[in-house]
1. Applying a 10 Å radius around every beta-carbon, put 58-66, 35-43 in order of their mean neighbour count, most first.
2. Under 12 Å from a point 7 Å along the Cα-to-Cβ line of Gln256: which residues of the range 231-247 have their amide N that close?
3. So, by mean Cβ neighbours within 10 angstrom, what's the order for 83-96, 234-247 with the highest one leading?
4. 5 Å is the cut-off here: which amide hydrogens, built 1.01 Å from N in the peptide plane, fall below it relative to Gly71, excluding neighbours closer than 5 in sequence?
5. Convert each backbone phi in the range 130-138 into a coupling constant with the Karplus relation 6.51 cos²θ - 1.76 cosθ + 1.60 (shift: θ = phi - 60°), then list the ³J(HN,Hα) values in order as whole Hz, x for Gly and Pro.
6. Would you please give the residues with an amide H less than 5 Å from that of Ala242, counting only those at least 5 places away or on a separate chain, with H modeled from the backbone geometry?
7. Read phi for every residue in the range 247-261 and hand back ³J(HN,Hα) as whole Hz from Karplus 6.51 cos²θ - 1.76 cosθ + 1.60, θ = phi - 60°, with x for Gly and Pro.
8. So what does log10 I(q)/I(0) come out to for the range 148-261 at q = 0.13, 0.21, 0.24 Å⁻¹, using the Debye formula with one equal point on every Cα and no solvent?
Amino acid sequence: MAGDADTGRKPIMAGNWKMHHTHLDAIQVVQKLSYRLSAEDYERCEVVVCPTLTSLRSVQTVIEADNLPIGLGAQNVFWEEKGAFTGEVSPPMLAKLGVSYVIVGHSERREIFGETDEMVNKKVQAVFKAGMTPIMCCGETLEEREAGETAAKVSRQVQAGLDGIDPKQVASMVIAYEPIWAIGTGRNATPEDANDTIGTIRKMVAGLAGENPAAAVRIQYGGSVKPGNVAAIMAQPEIDGALVGGASLEADEFAQIVRWA
Ligand code: PGA
């Protein structure tokens, strides 16, 4: 795996399309994205798109038909494999669709749909069990930041999320640090602040899983990442990529983020 010369970690840019794009729109976006990106771009950085559930199959078909080196991610999952859980989708169902990443514990899931740290942990375990990789999100609210509680909040979320996870799995996963006040607001953490918090998360991972997994785990920043600010964010040594919402919806904009420098 080609990675950052110093850290050995390959940056990962993931587009979280949230509840946007019908499957027809999604097909167009992923096709356009593939026209904009070159083999060199994929070599330098892993590219993942996370469409809504109804678009997963269509996007997977495009990726497979054109043999695109674009990873397919889901935005959520339930932890049970099957059963009477109306409206839910299981990890094996996603894995069978060619999904390789699953966003777990996004702040919108936590805040709007009541996901707890314990539920996030069950999902992380279930995603691994099905052979996929979780992108586990954490982040503080504005009130928590202003009260100086950022590190405590993020520690709690990471510690709970990683509970019982094998250190080798920890090394292979992705963590996304997303300050809630920066999501969709146009405000983002300064690159230095984001780097500091991500450094704190890495230290915490070292304490929980060991130095090697901490050095290997990729930690993204998320929250109002745009073509205009991505280079400064990616210049930070602890930051291994971005989880991008609004600016991933258009192929041109997301392609600019993927080729940040
Ligand atoms: P944003 O969303 O880029 O629109 O701020 C990021 C996210 O919620 O993952």
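Only the coordinates and a few stated rules stand behind these numbers; no lab work does. Values in this document were obtained by computation on a predicted structure and should not be read as measured data. Note that we place each Cβ from the backbone using ideal geometry, even for glycine, and neighbour counts take in every protein chain shown.
1. 58-66, 35-43
2. Answer for this model: 231, 247.
3. 234-247, 83-96
4. Val47, Val48, Val49
5. Using θ = phi - 60°, the values come out as 8, x, 10, 10, x, 10, 8, 9, 8 Hz.
6. Ile12, Met13, Ala14, Tyr221
7. 7, 9, 6, 9, 4, 4, 5, 5, 4, 5, 5, 4, 9, 4, 9
8. -0.49, -1.11, -1.31
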